[in-house]
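Just so it is clear, none of the values below were taken in a lab; they were calculated from the coordinates. These numbers come from a predicted model, not from an experiment. Glycine gets a Cβ as well: all are built from the backbone with ideal geometry, and neighbour counts include every protein chain shown.
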Amino acid sequence: MSLDQYYLLGRSGLRVSRLALGTMNFGKDGFHAPYGRTEDEARPIFRRYVEAGGNFVDTADFYTAGASETILGRLVAEAGNRERLVLTSKFTNSVDPGDPNAGGNGRKHMIRAAEASLRRLGTDYLDLYLLHTWDRITPVEEVLRTFDDLTRAGKIRYAGLSDVPAWYAARAQTLAEAHSLVPMVNLQLPYSLAERTIETEHVPAGQALGLGVTAWSPLASGFLTGKYRNSGQGLTGEGRLTGEGGAGSEWTDRQWELLKTLETVADKLGVTMAQVALNWVATQPGIAAAIVGASSAGQLDSSLAALDFELPADLRAELDAASAVPPGKPYVMFTPQYQSWLVNPGTRTGDKPAGYHPVVRNWVPAQAQAVRR
Ligand SMILES: NC(=O)c1ccc[n+]([C@@H]2O[C@H](COP(=O)([O-])OP(=O)(O)OC[C@H]3O[C@@H](n4cnc5c(N)ncnc54)[C@H](OP(=O)(O)O)[C@@H]3O)[C@@H](O)[C@H]2O)c1
């Protein structure tokens, strides 16, 4: 079973499963209520994940207005496996719209949010604490210092960032290194065959700076399972995207076309579209883990088998081609094609498997070899 293998998260000593469990739908309150699950419905999902060997669990104070953390805390206590888990939570979103300091990434809110998360989760420490979203206001130095203080106070073990610009992550990591503050080990970002924006800036930043990227919504909220159809006036089918919580989701013709390739690849391999989509995400360069969401233990079971097969190179290439978004300028200038044409003629560049830094191999043109001889 794929979850029995653990990988280091970014440049750290923390070992995590390659498929993390997302618990944004544990609970029936707040923003995520329309597709939330009760504690009794969440229990088999959580149990199935840990029985399979999974150790990486994701929540946030904002999910289901705190109910996700409360339910997760109770499920962990029931299972008696707190120490084994890498419990991750996040702060940023406001917990009181009437109080300007009850949200954002300032020191006052960060500490209050961390303490509230610990209370709801019924634990003394978080293994990984993430800034949920860039607030455009708080100086990065303030965030770093507070992460460092929380670490020294024993309230968190590791720190990271979610949904921030890549330049912000780079500045945070560089300052943390320069000032010997607790480093960022994780960047949590949206990534799937349907959403590859992070490849231009965030993934290379993560690879260069030791931040393991974890992919949220790896199934594009269920779109990539193939259970929806394009009626011409929007999507039809049963699931989160057609329910109250999914209203307003828009899908491009390119994304609908991609589903056809995904279906063909899944048929060739004899697996489901969701399994192919998850396998692709989790094995992309620089990706530490895919954060899987499930409405039932059955769905999770199927997702957990996503790493039990290998995606052959030719089928991966088909998926890459069908899902690629052509790079705009200046990113087109960083592609291997452009570089070997104008920047580094005579040098071939390529990638090692996932997680490695790009390798540059010196290539000596035939004429030069002749001269050397
Ligand atoms: N940092 C952030 O800003 C951020 C944002 C979003 C999420 N996250 C994290 O990422 C986690 C995962 O996000 P996500 O739930 O959007 O992930 P996802 O894997 O893209 O979508 C999961 C949803 O797809 C559907 N699904 C899954 N397996 C299926 C199957 N075999 N057949 C049919 N439908 C299936 C289910 O929804 P239905 O059955 O209801 O259709 C399920 O809840 C969250 O729990 C949270 O921890 C983080």
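At a glance:
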item	result
Computed over the chain: relative contact order in percent, which uses C-alpha pairs under 8 Å that are six or more apart	16
Highest-fluctuation residue, Val292, Val143, Val332 considered, GNM on the chain with Cα pairs under 10 Å	Val332
Sparse-neighbour loop sites [trypsin sites (Lys or Arg not before Pro); region 135-167; at most 13 other C-beta within 10 Å; DSSP]	Arg136
Rotationally averaged projected area of region 1-91 (alpha carbon convex hull; nm²)	5.9
The chain: angle of helix 107-121 to the longest principal axis, Cα-based, in degrees nearest 10	70
Degrees separating the helix 313-323 axis from the principal Cα axis of the chain, which is the longest one	70
Förster radius 51 Å - calculated FRET efficiency between Asp124 and Leu269, Cβ distance, rounded to 0.05	0.70
10 Å beta-carbon shell around Ser295, net charge (K/R +1, D/E -1)	+1
222 nm mean residue ellipticity, helices alone, for the chain (DSSP H n ≥ 4; -39,500 (n - 2.57); rounded to 500)	-10500 deg cm²/dmol
5 angstrom amide H check on Gly212, placed H, neighbours 5+ away	Gly10, Arg11, Asn186, Leu187
Karplus 3J(HN,Hα) series, Hz, for region 162-171 with 6.51 cos²θ - 1.76 cosθ + 1.60 (x for Gly, Pro)	10, 6, 10, x, 5, 5, 5, 4, 5, 5
Lys, Arg +1 and Asp, Glu -1 on Cβ, resulting dipole of the chain about Cα centre, debye, nearest 20	980
For peptides 195-202, 160-167, sequence by mean Cβ density within 10 Å, most packed first	160-167, 195-202
Volume per residue of the C-alpha convex hull in region 107-242, rounded to whole Å³	139
Chymotrypsin sites (Phe, Trp or Tyr not before Pro) within region 181-286, DSSP loop, no more than 12 other Cβ atoms inside 10 Å	none
Nearest-ten-degree value, helix 39-51 long axis tilted from longest Cα axis of the chain	50
Cα convex hull of the chain, projected area averaged across orientations, nm²	21.2
All lysines inside 26 Å of Lys329 as judged from Cα atoms, apart from same-chain residues fewer than 8 positions distant	Lys352
Count, lysine Cα pairs under 19 Å in region 2-314, 8 or more residues apart or across chains	7
